[in-house]
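Working notes, beginning with the structure itself.
Nothing in this text is a laboratory measurement; each read-out follows from the coordinates by a stated rule. Note that this is a predicted model, so its numbers are computed, not measured. All Cβ positions, even for glycine, are placed from backbone atoms using ideal geometry, and neighbour counts span all protein chains on display.
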Amino acid sequence: MYRGFWYAQALDLEGALAPTLQGTTSADVCIIGGGFLGLWSAIRLKKEQPSLDVVLIEKDRCGSGASGRNGGLANNWWAKYLSLMSICGEQEARRICEAADSAVDEIGEFCRAHNVDAQYRKDGWLWTASNPRQHNSWRVLTEKLDNYNANPFREVTPEEARAKSGSPRTLSGIFDPNAATVQPAMLARGLRRVAIELGVRIYEKTPLTRLDRRTAPVVHTAHGSVRAKKVVIAMNAWGAQFPELKRMIVVMSSDMVATAPMKTRLDATGFNDGVCVTDSRTVLNYWRNTPDGRIVFGKPLGQFAFASRIGNLYDRPCPAAEGVTAELRSFYPTLADVPVVSSWTGPLDRAMKGLPNFGFLGGNPNIIYGIGFSGNGVATTVFASRIIKSLVLEANDEWSRCGLVDQKVKLLPPEPFRFVGARMVRNALVRKETLEDHDRDAGAFTTFLTALAPAGYVPNTKK
C-alpha cells in the first residue's frame, strides 16, 4: 500500500503491528476505524471511564487511511461559521466554533503530555488571495463574525501576506493565529500508542466484513468477531459502505506532493515557520512546510470513487501529481529546480456543507457514526470525539444535543448521477478558477455548474 513519505516517517518510529483479531470476543464499545476520530474517541472514552472495555479494529495500520495522508493543517471552524449558523443557529454555531478552537491547543497539550513528536507548531493560518478575483472573498464571513464580536481573523497587508507565505503570488490575506501544523501520521501513531497504554484493545489488519445490527451489535471481521454493547463507525470515506451514509458524502481524493528538503533556500523566502497557507479557491490550494525544509502542497485534482467503492483506488502515487506540482511551482518559481520527491493521495468524505454529521445508524441507538469531515478533520476530530463519547455513554448533555447530531442533511444524488455530476462540477471549478487567474470570466454553463459545488472555505450562503 502506497502512502507517501508521511506514513513512511511514522512507521520508522512505531512500526510494530498490533495483533489481528482471531476468534470471537466481546466489549463494551467496538470502534471501527483507527484514524483520528476513532483514536481520539477511544482515548476520551477510556479517560472518562477507565473500566470501559474498548476494542478498536483497523483494516490496515492505525493512521494509514485519510488521517495519516492529509496535509497536516490543524484548523478550527470559524471559517465554517456561516454554514454552521444555517444548520443550528448563531448561539450553537458559536459554541461549536469555540470547541473546535480549543481543539488546536488540545493537540499540543496531548503531544507534550505524552511525549508524542508530531512536529506540532502553532503558527497560525494564512488565508490568502492568489489572484485579483479572490480579494476579500472572506469579507462576507468576517463581517458577520464582527457583528457577533467573534472574529478571530486579522487583516494583513499584502506585504505581510507575501512575507508569511514566501510567495510572490500571494496578493492579500487574513490571518488566524489559532491554527497549527502537524505531521499527521506521527500524530496518529502517537494516539495509537497512548490508546494502548490506556488499555484500549487495538487489532490491526482486521477489516470489517459485516455489521449485524442487533440490539447488541456484532462486528464481523475476516478472522473473528466482536459482540459489543455499542459500536462506533469512525471510518471516514470508508463509512460510505453503509447505505444511510453513502449519500451524505461524495468520496474524492486529496492529492499531495512533497519536495526535497531545502531549508536554507526556503528560510530565505520568509516561509520559515509552521504557518499553514491556503488560497480562496473551491478547488483549494493548501500547503505548509516541514521542520527539515520541505514544502508539502495539496490540491484535490484526482479521482472520485464510483458508488463510493474505494478498493485500492487511493493506494498508489498521486495520479494528479503533475498538475499539483505545476501549481506548487507557480507559487514558488524561484524554487522550481527543487525536485518533488514524493506524491500520494487519499480519500476524503466530502459533505455538501463541508461539515460532519453524527447520529445513530438506521436509528439503532447502539450504533453511532460520525462522517463528512471533508478534509478538515485534523483538529476538529478532537472535539468531535466529545460528541461520540456522549452518544456512546447516553449522556444528556451539550454534546449529545449538539447541532451537528441528526442533521437534516442535503443528500447527494444516487449513482451514476453523483459520480458524473461530481466530476463535471469539479472540472468546471478548475476551468473557472484557472480563467480567473488570468482575470477572465467563465461561460454561462461553467458558471451554472460551479454554483452546484459544496461549500468550501469561501462562504457560500446558498448551500
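Before anything else, pin down the relative contact order of the range 162-286: Cα pairs under 8 Å, at least 6 apart, normalised by residue count, whole percent. Here the relative contact order equals 27 percent. For the range 335-388 and the range 152-204, what is the centre-to-centre distance using only Cα atoms, to the nearest Å? A separation of 15 Å, based on Cα centres.
Toward the positive end of the charge dipole of the chain, about the Cα centre and with charges on Cβ (Lys, Arg +1; Asp, Glu -1), which of 170, 187, 41 goes farthest? Checking the options against the dipole of the chain, the answer is 41. Residue by residue, the range 98-105 carries 3J(HN,Hα) couplings of 5, 5, 5, 4, 5, 5, 4, 5 Hz when phi is fed to the Karplus relation 6.51 cos²θ - 1.76 cosθ + 1.60 (θ = phi - 60°); x denotes Gly or Pro. The order of the peptides 391-397, 221-227 by mean Cβ neighbours within 10 Å, most packed first, is 221-227, 391-397. Estimated purely from DSSP H runs of n ≥ 4, each contributing -39500 (n - 2.57), the mean residue ellipticity at 222 nm for the chain is -10000 deg cm²/dmol once divided by its residues. Relative contact order, whole percent, for the range 113-178 stands at 46, derived from Cα pairs under 8 Å and 6 or more residues apart. Summing Cβ point charges (Lys, Arg +1; Asp, Glu -1) relative to the Cα centre of the chain gives a dipole of roughly 1140 debye.
Helix 4-13 and the longest principal axis of the C-alpha atoms of the chain enclose an angle of approximately 50°. If we count every other residue with Cβ under 11 angstrom of residue 275's Cβ, Lys/Arg +1 and Asp/Glu -1, where does the sum land? Every neighbour counted, the sum reads +1. Charged neighbours of residue 381, selected by a Cβ distance under 13 Å, balance to +1 (K, R count +1; D, E count -1).
What angle, in degrees between 0 and 90 and rounded to the nearest 10, separates the Cα long axis of helix 380-392 from the longest principal axis of the Cα atoms of the chain? In the chain, helix 380-392 runs at an angle near 20 degrees to the longest axis.
Applying both filters, DSSP loop and at most 14 other Cβ atoms within 10 Å, to the chymotrypsin sites (Phe, Trp or Tyr not before Pro) of the range 113-149 gives 148.
Helix 36-48 and the long axis of the chain differ in direction by around 50°, with both axes built from C-alpha atoms. Dividing the mean sequence gap of close Cα pairs (under 8 Å, 6+ apart) by how many residues the chain holds gives a relative contact order of 23 percent. Residue 288 sits among other residues whose Cβ lies under 13 Å from its own Cβ, and their net charge, with Lys and Arg +1 and Asp and Glu -1, is +1.
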